[in-house]
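The values are calculated or read from the model by the stated rules, or taken from the named source; none is laboratory data. No experiment lies behind these values; they were computed from the predicted model shown. Positions of Cβ are generated from backbone atoms using ideal geometry, with glycine treated the same way; all protein chains shown enter the neighbour counts.
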Amino acid sequence: MDIKRQLGYKIKRLRQKKGYTQEQLAEMANISTRSLSGIESGENFMTAQTMENLLGCLGVTVDDLFTSEHLKPTENLISEINDIINSVKDDRDKIENIYKIVKAINLT
């Protein structure tokens, strides 16, 4: 996956997570819906100003945008989570902390 597609995918995921339509985010970022669609599909690359506007509207940092952990397949993420749990299975305190985190995430 090339950088334009990766960034576009991340912008789309962040937008959807916030519950915004393309039209809503485009208006907030002062760009056209067509431009946002092109960015999200990886067809167009955003200017620095557009990136700054989108990041502000989405409430994320440049670091958040360029982190690519979210691009791993779901199966890989689940496997990594299981590996973490298995590595601490003999430590009751860590297991309880993991449980609390998962429980808190699941409630939101």
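Would it be correct to say that Glu27 is surrounded by 15 or more Cβ atoms within 10 Å (Cβ to Cβ), in contact (Cβ under 8 Å) with a residue 24 or more places away in the chain and among the charged types (D, E, K, R)? The answer is no for Glu27. Criterion applied to Glu52, Glu75, Glu96, Glu27 was being within 19 Å of Lys10 (Cβ to Cβ) and out of contact with any Ser or Thr (no Cβ under 7 Å at 6 or more places or on another chain), and the one residue passing it is Glu52.
Right, Thr33: among the polar types (S, T, N, Q), surrounded by 13 or more Cβ atoms within 10 Å (Cβ to Cβ) and touching a residue at least 12 places away in the same chain (Cβ under 8 Å) or not? Answer is no for this residue. Looking at this structure, is Ile84 surrounded by 14 or more Cβ atoms within 10 Å (Cβ to Cβ) and either in a helix (DSSP H, G or I) or within 15 Å of the chain's Cα centre (by Cα) (or both)? No; evaluated as a whole, the condition is false for this residue. Consider the stretch 59-71 and keep the residues that are exposed (fewer than 12 other Cβ atoms within 10 Å of the Cβ) and either touching a helix residue (DSSP H, G or I) at 6+ places or on another chain (Cβ under 6 Å) or of a type outside the set (Phe, Trp, Tyr) (or both). The one that is nearest to Tyr9 (Cα to Cα) is Glu69. Put simply, of Gly56, Gly42, Gly19 the only residue that is under 28 Å from Val102 (Cα atoms) and either loosely packed, with under 12 Cβ neighbours inside 10 Å or at pLDDT 90 or above (or both) is Gly19. The single residue among Thr50, Thr74 that is modelled with pLDDT under 90, among the β-branched types (Val, Ile, Thr) and within 30 Å of Leu36 (Cβ to Cβ) turns out to be Thr74.
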